[in-house]
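Worksheet for the structure shown next.
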Amino acid sequence: MTNASPDAVLDFIELGEGASARRIAVRHRAGKGPGLVWLGGFKSDMQGGKAVALDAWAADHGRAVVRFDYSGHGESSGDFADGTIGSWLEDSVAVFERFCDGPQILIGSSMGGWMALLLAREIRKRAGKGALAGLVLIAPAPDFTEELMWNKFSPAVKKEIETKGFWLRPSDYGDGSPYPITRKLIEEGRNHLVLGSAIDLGCPVRILQGAQDPDVPWQHAFALTHRLPADDVVLTIIQDGDHRLSRPQDIARILAAVAEIG
């Protein structure tokens with residue numbers, strides 16, 4: 001898929017040292033605030049339909065926008081199998097600190113919803129130049145390594161992960177080839193679980209969830225709302241929506257949620 005607009009600048013930032021050294025690809029454009037930050041899903045990249053649509057909307061409205069690929073994804077370097085929630089969070093924090101100035105709306109899809117919650121927590125801890133204006137979460141999958149993977153895996157799959165160090169999971173996405181779920185991904189993910197206690201973000205949150213989502217059940221999004229403060233949190237269930245939420249009407253809802261926040 002081609003870039004939505006020629007004036008989105010492609011940049012790279014270098015992170016880590018030695019075996020963990022990686023080059024993160026970032027597309028960004030200048031504009032007015034609040035800025036928009038796209039956080040993609042597991043095994044997806046910044047050239048997907050929703051990310052490109054967000055970029056085009058930002059271009060049309062003169063808004064600043066940043067999107068990037070986690071290590072092992074898209075145009076960034078690294079092996080997908082080496083990635084963890086913690087390393088992808090490091091990527092996200094580094095991109096935010098380098099490219100974001102002033103209030104920002106974090107827009108996270110699937111794993112990106114978990115990443116947005118973790119990044120929001122980091123932003124609140126740090127006194128940087130970027131701040132939180134709000135979150136838009138699309139089929140958010142916080143704690144998915146534990147709740148939606150490990151806890152649902154069969155004993156045989158768990159044993160394979162524990163003994164071999166990985167399991168090749170069949171995929172209905174991308175080119176359809178299976179991808180590795182590593183022991184490191186599961187175990188390191190336990191350092192970043194958020195659904196066990198209240199998540200105080202101090203900003204508006206909009207959640208869009210498909211009722212027909214085979215990967216992230218709507219009950220998962222509902223559980224997340226119970227961890228967020230009651231003020232200014234809106235969950236929208238799209239009755240015929242799937243996991244991708246990439247149809248024109250779904251993208252229109254996502255952009256409307258972004259516009260509603262600011």
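The values are calculated or read from the model by the stated rules, or taken from the named source; none is laboratory data. All values reported here derive from a predicted model rather than from experimental measurement. We place every Cβ from the backbone using ideal geometry, glycine too, and count neighbours over all the protein chains shown. The protein model used for the area step is the full one, side chains on, heavy atoms only, and it has no ligands, DNA or RNA in it. Shrake-Rupley method; radii C 1.70, N 1.55, O 1.52, S 1.80 Å.
Counting just the residues of region 173-198 that are free of Cβ contacts under 8 Å to residues at least 24 places away in the same chain and charged (D, E, K, R), which one comes out nearest to F222 (Cα to Cα)?
Out of the qualifying residues, it is E187.
Going through I107, I13 one at a time, which residue ends up being farther than 19 Å from G262 by Cβ, at pLDDT 95 or above, open to solvent by less than 30 Å² (accessible area, probe 1.4 Å) and not basic (K, R)? I'd like the intermediate steps shown before the answer.
Details: I107 fails: farther than 19 Å from G262 by Cβ.
One residue alone meets the criteria, I13.
Consider K129 carefully, then state whether it is open to solvent by 10 Å² or more (accessible area, probe 1.4 Å), over 30 Å from G241 (Cβ atoms), in contact with a strand residue (DSSP E or B) (Cβ under 9 Å, 6 or more places away or on another chain) and without any contact (Cβ under 8 Å) to a residue 60 or more places away in the chain.
Here the answer is yes, as K129 does meet what is asked.
Could you please find all residues in region 220-244 being over 23 Å from R124 (Cα atoms), part of a loop (DSSP other than H, G, I, E, B) and not small (G, A, S)?
Within region 220-244, Q239, D240, D242, H243, R244 qualify.
Restricting attention to region 191-219, and to residues there that are assigned to a strand (DSSP E or B) and out of contact with any Pro (no Cβ under 7 Å at 6 or more places or on another chain), which single residue is farthest from I107 (Cα to Cα)?
G210
Taking region 21-66 on its own, how many of its residues are more than 25 Å from F80 (Cα to Cα), out of contact with any helix residue (DSSP H, G or I) (no Cβ under 8 Å at 6 or more places or on another chain), aliphatic (A, V, I, L, M) and open to solvent by 20 Å² or more (accessible area, probe 1.4 Å)?
3
Regarding region 138-154, can at least one residue be identified that is more than 18 Å from the chain's Cα centre (by Cα), of a type in the set (D, E, K, R) and open to solvent by 30 Å² or more (accessible area, probe 1.4 Å)?
yes
Can you find a residue in region 67-90 that is open to solvent by 10 Å² or more (accessible area, probe 1.4 Å), more than 19 Å from S20 (Cα to Cα) and in a loop (DSSP other than H, G, I, E, B)?
No, the conditions are met nowhere in region 67-90.
Given the criteria at pLDDT 95 or above, farther than 30 Å from V258 by Cα, assigned to a strand (DSSP E or B) and among the aliphatic types (A, V, I, L, M), does I181 qualify? Talk me through it step by step, then tell me what you get.
Values: at pLDDT 95 or above: yes; farther than 30 Å from V258 by Cα: yes; assigned to a strand (DSSP E or B): yes; among the aliphatic types (A, V, I, L, M): yes.
For I181, the condition - at pLDDT 95 or above, farther than 30 Å from V258 by Cα, assigned to a strand (DSSP E or B) and among the aliphatic types (A, V, I, L, M) - is met.
Residues checked against (1) aliphatic (A, V, I, L, M); (2) surrounded by fewer than 16 Cβ atoms within 10 Å (Cβ to Cβ):
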{"site": "E160", "(1), (2)": "no, no"}
{"site": "P178", "(1), (2)": "no, yes"}
{"site": "A198", "(1), (2)": "yes, yes"}
{"site": "Q212", "(1), (2)": "no, yes"}
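For residues in region 214-254 being among the small types (G, A, S) and under 11 Å from A139 (Cβ atoms), which is most open to solvent (accessible area, probe 1.4 Å)?
S246
Check off (1) out of contact with any His (no Cβ under 9 Å at 6 or more places or on another chain); (2) open to solvent by 30 Å² or more (accessible area, probe 1.4 Å); (3) modelled with pLDDT under 95; (4) of a type outside the set (D, E) for Y173 and give me the number that stays unchecked.
For Y173, the failing item is (1).
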